[in-house]
Amino acid sequence: MFFDFLNATDLLWLAPFAAAFSIGFLGGLHCIGMCGGVMAALSFSLPAEARARRWGLLLSYNAGRIGSYCLIGALAGLLGFQLSGGHGISVLRLFAGLLLIAMGLYLANWWRGLVWLERGGSLLWRYLQPLGKSLMPVRTPGAALLLGGLWGWLPCGLVYTALAYALAQADGLAAMGVMLAFGLGTLPSVLAAGVFAERLKAVTQRQSLRTIMALCIMAFGLWTLWATAQHAGHAGHGGHAVHSQPAASESEPEDAHKHHHHH
């Protein structure tokens, strides 16, 4: 009974959030490469005895970073609504599934096609990067929060893949939730990078680990494509049933007329 309830349509609703969290969690090795340097700088900019302040800076930075993801996600969800007109969401979900597979290939170093996405995002980053540098070295939680807010706009194929899921929601609030799930997924790796940066970097360079994580992300992409196709198939059958109903109702007056004429 439980498995009957959790059919493909139900899981399709949950899949973007689970996939977004998994993208962040499994793509942690990519996050260490992109944000590990900043986290290490925040961690080691204070003396060892100021450990409590260090964690305050790390948490403030990540709050700002995830806050930026939520803002970008809300904008992507509103854009998705405009693109789909409230309908046609399946096309956006198919795009998200394909981009997720591309991200897996990118992490495994089998195909680097997503590099062009990061190059496109670098146009905006040119203007934001000097602002981030002006906040270094970070001494207060407020400055760390601002730095994290800026760093959330760093060109990153992993972030753009999660944004594809946000776009596919075609809803600002749901898209914000997707990016929040993604940000929380990245949190363990990024926080750990601030404390164990060198050790983690050595571990994440192992090709076997990268391949396993890449295959998991690609599996989410294939699941998204399959679930979207299933959802579209159910919608098609439902639409056919609704379409055939008026024909039956239109025949009723004719039958009633024949019955009256017989009497």
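Where a number appears in this text, it was derived from the coordinates with a stated rule and is not lab data. All figures in this text were calculated on a predicted structure; none of them were measured in a lab. Cβ sites come from the backbone with ideal geometry, for glycine too, and all protein chains shown count toward neighbours.
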Filter the trypsin sites (Lys or Arg not before Pro) in segment 78-135 to those in DSSP coil with at most 13 other Cβ atoms within 10 Å of their Cβ, and list the result. R112
In segment 92-162, what is the volume of the convex hull around the alpha carbon atoms, normalised per residue and reported in Å³? 108 Å³
Quick one: what are the phi-derived ³J(HN,Hα) couplings along segment 152-168, Karplus 6.51/-1.76/1.60 with θ = phi - 60°, whole Hz, x for glycine and proline? x, 9, 4, x, 8, x, 5, 5, 5, 5, 5, 5, 4, 5, 5, 4, 5
May I ask for the distance between the Cα centers of segment 73-123 and segment 142-162, given as a whole number of Å? 17 Å
